[in-house]
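Peer 1: Got a structure for you, questions after.
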Amino acid sequence: MFMIRNKQYFGWKAAGAVVLTLFALGWTTPAQEEPKYHNYAEMTRLLQNLASAYPQLAKLETIGKTIEKRDLWVLQLAGATGAPVSERPALLIAANLEGDHLIGSEISCSLAEYILKNYAGNPTIKQKLDRYVIYVIPRVNPDAAEAYWAPARSWRRTNAQPVDEDNDGRIDENGPEDLNKDGVITVMRVKEPGGPYMVDPEEPRLMKKADPKKGEKGEYTLYREGVDRDQDGFIGEDPPGGVNINRNFLHDYPSYKAESGRHMASETETRALLDFLLAHRNIAALLTFGESDNLVSAPAATGRLGTPKKIDLLEMSDASLAEAGKVGIFTAATGRFGRFGGGEMFFSEEMMREFSQRSQAATAASSATRFQRPAVNPATVMAAGDVEYFRAVGARYAEMTGIRQTLTAVKPEGALFQYGYFQYGIPSFSTPGWGLAEAARSGGPPAGPGAATESGPGTGAVRSGTFAGRRMGGPPGAAAAAGAEGQAAESAAQAVDRQLLQWMDKEKIDGFVPWTRFQHPDLGEVEIGGFKPYAVVNPPAARIADLAKSHADFALYLTSLFPAVKIAKLEAAALGGGLFRIKAEVENSGVWPTCLDHAQTARAVKPTLVQLQVEPESILSGHEKSNSVPVLAGSGGRSRFEWLLQGKAGQSIELKVVSQKGGTDKRSVLLP
Amino acid sequence: MSALKKYSYPIASIRTAACLLFLGTALFPMVRPLRAQQFSDPPIKVKIDFNRWHDVNELYADIRRLQQAWPKFLKTEVIGKSFGGREILMVTINNPDTGAEGSKAAMCIEANVHGNEIQGGEICLYTIWYLMENYGRIEQITRLVNERVFYICPTINPDGRQYFLEGAAGDARSGHVPLDDDNDYQADEDRPDDMNGNGVVEQMRKNVPGKGNFRPSSLDPRLMEPVPAGEKGDYILLGREGIDNDHDGQVDEDSLGGYDPNRNYPTGWQPNYVQRGSMDYPAQLPEARASIDFLFAHPNIAGFQSYHNSGGMILRGPGAESAGEYPAGDVRVYDELARNGERILPFYRYLVIWSGLYTVYGGSIDFTNDCLGILSFSNELWNEEQYFTSPALKEQQKDPNSPIRGRKGDFFFNDRLEFGSQYLDWKPFSHPQFGTVELGGTWRKLQGRIPPRFMNEELCHRNMAFTLYQADEMPMIQMGEISIEKLGDHVSQVQLDISNPKVVPTILAKAAQNNVVRPDLLTVEGKDVEVLAAGWIDNRELQKVKPAVVARIDQKNLKRILVRSGFSGKTTRTVQYFLKGSGEVSITYSSLKGGTAIKNFRLP
């Protein structure tokens, strides 16, 4: 509305100033233009416009720069009246940690705009924004996101960190290539007798793993679209880009695995986010938009998250790279004494084994007398006492957004929202931000709970370590060895793929490239086709507005759950002889406790400080001057305090209460 | 840098004050002429004290003097700034005549990550000094300096070092980022106070005749001991010297910092509730970040030593049992080096951190070993076994009545060898909150974890010797014998011996597992030369008898073979090529941590 008026205003003034016209061009809002996904420059402009349109409510700051010098924007939404911003409980919304997840950026920006626009006219929004703060970081991985606007769209999720994925001493030397010039990187299938895969008889657009036990004959191998640029036998094994920011955080960090960085928090984007969180300890909840989920499928009562849902076609084509990082391991020949040939091998290995046992025993022996501290292990599942809060929020999320099922879901390893709960200690959520309105059949992902994903050909292979990934032109025997690995996947194979196709067909989404022939320089005749990048993790742009509104409501609902700590009662009574009794009650009138169970274990959230502002010597009995309350339960949980004090009638005594996530309160009482 | 310069003058002038006065000149050269030392053994170029503890300025000033004396070999750079804004200095020792830094394996030495563990800084200084003074004089040293590169950071925690030497408190282990230890939403607001201004935070006791629960100990009256049940004592203890700075009713409850700088490294890092003092995320501390960035930028580093104190240990990882023992091949290498280390360093024991000391998550040497593939030790410098070292005295210490038994020995040593300088006896003091008390009963900060000054030079030398031994055993690839056999038209069989005569492999097994070190590269260059096949032979003699024992190298590009598992220590292997072509050919084995070796030859 505001925007439209401005445009008209400039329109009336007419042509005249070119500068003004340019200014007006940037002034357009997504509401007016054709809905679309915004690149970095457009999104920056959009955020800057919001900040200047609502100077009382919105503040735009940068919390760091990426390798390619893009700013990491944070938009602060807070009413000008009310408590100082740093003392208000805050909600942090972060999106686009995985570079290809663009819908989260759009929802975040649009929901910010929605809240700002409606602040003046909607009393609920006004009340929330005056009491709380919402921080929005719509694009955490802008260097990666920009790949959407590249001439050929790939599946890149990673930032601009140069990483030698196959560790061969050459960086980014063999990425995907758009061979058929259709603007997207898809999959190549190659007919090869004895190959592990076959065309899915029920859905001929899809591929499945052949099961020799059922008499199925494999006749295809699969690769990502590209060539063997460095002639090492692999296709697309070292693409540009390095780190997926949602695999670079500190909980359940996937060390030395794909897209996770050289160590935890190695990336500038990760550190910018961590520093922001640590500088804003008032952040009481975290909502991330990303490819993992704990909202649509809330955690089980055991505290475990739902199973991932992977796209088999991609997993199967990536199996061609399983060996890429292993070329050049000469295991048999290593060892202190070199290797003995032929029949001496047995002798040599025995000798080395004995040597090794002896030396290990010698090392261990010295430990016997040392004192060992009891080991504290990091939590891997949510604390029992916290799960219900998450499940309740999940139920409301489904209600408010109508999303009952996600099409895909990535296993969270090193994900921000997991850090948010397990280490930062707050209610912390992740959702793809969109999905299907109908719930999954039989309570799990379609076609059997998680079997597809856990034992899918790609992952199973890596986990077991026995899978001999299919190297281009390698001996066919290697592929046969992989046969057994895919067994468990049979029942659920293609479940995710099929559902995606059904959804695309139904919604008339152009998300799948039909297989077409192509003459490949390394492989000869191939067919190129399969899912289009971005289409599987982002809905059509037309849906952004609706999603933004429902998520804005959800974000505001989250703030209504924040702990709210107040001094509910403070009274003083004279006992005679200069002695007084002070009684106080501190209440949490919010829904969430001041500190989750796990946050207590993890010492992640400070106890609530209840401090009587007197000299400690004047307290004769009762509570201490300073009291740390580990937790105040929500929904009216109270903590009671009593002091016997030496003082003077008429003296004013102040009580101060500080809760990291539930606000600050002060009250005074006069000694009677 | 001007601050450094300023400092070196007063030191020199104290030593030669009389001389200066006589000459009446202020311009005394940085490097002293050696005229008076002609027959001293050995003649030295730069005189540095190793029986004193250097504060940060003097440490850096000495390094600068060394650098000015040997500008060709020594380079200093600031690799970062501490939280308190102090420079973190890295010294590079490299002989440019024998190759660029990156082409030679490097030994990286760091010290003093814990502010109070200062003597590693003196070892670093001693190492630089010793290598330079003896270059050209001692053959082994000359060779080592020619073959290797050294990166030496004498204090990675200059704030902590300065605070330890300057201040009164013994709480210098931490870095200086303020943390709220007592959950009152204020950081570092109630630190210990040196109320009597004697430079030490002491204990406080109060004399309450017949009503106390402590009494002077029978071992030594300067020590306090709890009174047994049913008896009466004359004292109560009031904790560490200090007052209630923040008026919350507690004394000294929120001290400086409150974390452990050596739990902030990224490998196996765990949050605070699992690993106390680890900070909020790995490499959050500017000191750790400076070190990590430097290490990543120098992939030629093949050896790492982080000097700590105390206890007399040669430690290796893993820091936590959950990390799993190192691969057997790596264990053998560590064992060989450390067992010799135990011989170089009497009273030091070789231990694995988690099993021999305690569990450490996020320590620096787990990071350097696991994430960088650098063979790493951490020496815990000095233990009190070294007060009385002879077998006879060790025997005597078993006698309960011996004045050198147990804690009595500490007092004996203090009284007879340190002339009473290290222990503060009780003295009365008027405390603003507690009335008349006594302060004392405290060892000075230099006692215990740090050797007596007069014993430091030996500590420096022995630890340096172990680290130089490690540096010498870093991998070094060499080319050996070659045989060329013509098989037919432009086809030849070439067999070339390649060896690594050192103990350490070019790539640790753990590094190969984690895929963190660039594989070694075996390349063939020659105009129009084609590699038909390649393989490894472990014993040429055996291969002559049994030709089948060649391990075929199954890689697509045989002109650029990846050797991801590296080259074992003390091993010679033969690479076999079937080459097509003729003329000049070169075979190169290139290793990031073991250097590069080239063999040139002609194909018939």
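The values are calculated or read from the model by the stated rules, or taken from the named source; none is laboratory data. This structure is a prediction, so every number in the text was calculated from the model and none was measured. Note: ideal-geometry Cβ built from the backbone for every residue, glycine included; neighbour counts use all protein chains shown.
Peer 1: Which condition breaks for residue B:473 when tested against (1) within 14 Å of chain A (Cβ to nearest Cβ); (2) within 20 Å of the chain's Cα centre (by Cα); (3) without any contact (Cβ under 8 Å) to a residue 60 or more places away in the chain?
Peer 2: (3)
Peer 1: Let me ask another. When region B:91-125 is examined, which residues are found to be assigned to a helix (DSSP H, G or I) and buried (at least 20 other Cβ atoms within 10 Å of the Cβ)?
Peer 2: Correct list: B:119, B:120, B:121, B:122, B:123, B:124, B:125.
Peer 1: Further question on the same structure: Failed condition for residue B:236, given (1) farther than 18 Å from residue B:436 by Cβ; (2) at pLDDT 95 or above, with all others met?
Peer 2: Exception for residue B:236: condition (1).
Peer 1: Can you find a residue in region B:282-303 that is of a type in the set (Phe, Trp, Tyr), touching a residue at least 24 places away in the same chain (Cβ under 8 Å), touching a strand residue (DSSP E or B) at 6+ places or on another chain (Cβ under 7 Å) and not assigned by TED's automatic domain parsing to the domain that holds residue B:120?
Peer 2: no
Peer 1: Related question: Name every residue in region A:543-600 that is more than 20 Å from residue A:666 (Cα to Cα), over 23 Å from the mean Cα position of the chain (by Cα) and without any contact (Cβ under 8 Å) to a residue 24 or more places away in the chain, in order of residue number.
Peer 2: A:576, A:577
Peer 1: Which residue out of A:172, A:168, A:200 is surrounded by fewer than 19 Cβ atoms within 10 Å (Cβ to Cβ) and under 30 Å from residue B:512 (Cα atoms)?
Peer 2: Just a single option satisfies the conditions, and that option is A:172.
Peer 1: Output the residue which, of all residues in region B:537-548 that are under 19 Å from residue B:487 (Cβ atoms) and surrounded by 15 or more Cβ atoms within 10 Å (Cβ to Cβ), is farthest from the other protein chains (Cβ to nearest Cβ).
Peer 2: B:540
Peer 1: Considering only region B:407-430, state which residues are over 14 Å from residue B:454 (Cα atoms) and outside any strand (DSSP E or B).
Peer 2: B:407, B:408, B:409, B:410, B:411, B:412, B:415, B:420, B:425, B:426
Peer 1: Out of the residues in region A:273-288 meeting the condition of being part of a helix (DSSP H, G or I) and crowded, with 20+ Cβ neighbours inside 10 Å, tell me which one is nearest to the other protein chains (Cβ to nearest Cβ).
Peer 2: Checked region A:273-288; the qualifying residue nearest to the other protein chains (Cβ to nearest Cβ) is A:274.
Peer 1: Taking into account only those residues within region A:293-312 that are among the small types (Gly, Ala, Ser) and in contact with an Asp or Glu (Cβ under 9 Å, 6 or more places away or on another chain), which is nearest to residue A:207 (Cα to Cα)?
Peer 2: Among them, the one singled out is A:306.
Peer 1: Something else now. When region B:478-529 is examined, which residues are found to be crowded, with 18+ Cβ neighbours inside 10 Å, charged (D, E, K, R) and within 22 Å of residue B:540 (Cβ to Cβ)?
Peer 2: B:502, B:520
Peer 1: Every residue in region B:389-403 that is closer than 12 Å to residue B:219 by Cβ and within 32 Å of the chain's Cα centre (by Cα), please.
Peer 2: Those that are closer than 12 Å to residue B:219 by Cβ and within 32 Å of the chain's Cα centre (by Cα): none in region B:389-403.
Peer 1: Now for a different question. Restricting attention to region B:375-387, does a residue exist that is free of Cβ contacts under 8 Å to residues at least 24 places away in the same chain and not assigned by TED's automatic domain parsing to the domain that holds residue B:463?
Peer 2: For region B:375-387, residues free of Cβ contacts under 8 Å to residues at least 24 places away in the same chain and not assigned by TED's automatic domain parsing to the domain that holds residue B:463: absent.
Peer 1: Yes or no: region B:275-284 includes at least one residue that is under 29 Å from residue B:87 (Cα atoms) and acidic (Asp, Glu).
Peer 2: Yes, region B:275-284 contains at least one residue that is under 29 Å from residue B:87 (Cα atoms) and acidic (Asp, Glu).
Peer 1: Oh, and also: What tally of residues in region A:139-151 results from selecting those that are under 20 Å from residue A:36 (Cβ atoms) and part of a loop (DSSP other than H, G, I, E, B)?
Peer 2: Residues in region A:139-151 being under 20 Å from residue A:36 (Cβ atoms) and part of a loop (DSSP other than H, G, I, E, B): 4 in total.
Peer 1: Mind listing whichever residues of region A:52-62 are touching a residue at least 24 places away in the same chain (Cβ under 8 Å) and surrounded by fewer than 19 Cβ atoms within 10 Å (Cβ to Cβ)?
Peer 2: If the condition is that a residue be touching a residue at least 24 places away in the same chain (Cβ under 8 Å) and surrounded by fewer than 19 Cβ atoms within 10 Å (Cβ to Cβ), then A:53, A:56 are the ones that fit.
Peer 1: Give me the pairs: first residue in region A:115-137 and without any contact (Cβ under 8 Å) to a residue 40 or more places away in the chain, second residue among the hydrophobic types (A, V, I, L, M, F, W, C), beta-carbon distance under 7 Å, and six or more apart or on different chains, which are they?
Peer 2: The qualifying pairs are A:118/A:125.
Peer 1: Within region B:301-328, track down each residue that is of a type outside the set (A, V, I, L, M), over 30 Å from residue B:445 (Cβ atoms) and crowded, with 23+ Cβ neighbours inside 10 Å.
Peer 2: The answer is B:303, B:318, B:326.
Peer 1: Still on this structure, please answer the following. Would you confirm, using the coordinates I've provided, whether residue B:249 is within 10 Å of another protein chain (Cβ to nearest Cβ) and either at pLDDT 95 or above or buried (at least 20 other Cβ atoms within 10 Å of the Cβ) (or both)?
Peer 2: Considered against the rule, which asks whether it is within 10 Å of another protein chain (Cβ to nearest Cβ) and either at pLDDT 95 or above or buried (at least 20 other Cβ atoms within 10 Å of the Cβ) (or both), residue B:249 comes out as no.
Yes/no matrix, rows are residues, columns are (1) at pLDDT 95 or above; (2) closer than 17 Å to residue B:425 by Cβ; (3) surrounded by 17 or more Cβ atoms within 10 Å (Cβ to Cβ):
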| residue | (1), (2), (3) |
| --- | --- |
| B:194 | no, yes, no |
| B:205 | yes, yes, yes |
| B:209 | yes, no, no |
| B:223 | no, yes, no |
| B:230 | no, no, no |
| B:242 | no, no, yes |
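Peer 1: Okay, next question. Give me the residue from region B:252-270 that is modelled with pLDDT of 95 or more and in contact with a Pro (Cβ under 7 Å, 6 or more places away or on another chain) and, out of that set, nearest to residue B:163 (Cα to Cα).
Peer 2: B:264
Peer 1: Answer yes or no as to whether residue A:162 is over 18 Å from residue A:261 (Cβ atoms), modelled with pLDDT of 95 or more and not small (Gly, Ala, Ser).
Peer 2: So residue A:162 fails the test.
Peer 1: Additional query: Kindly establish whether residue A:556 is outside any strand (DSSP E or B), more than 30 Å from residue A:314 (Cα to Cα) and assigned by TED's automatic domain parsing to the domain that holds residue A:125.
Peer 2: Yes, satisfied.
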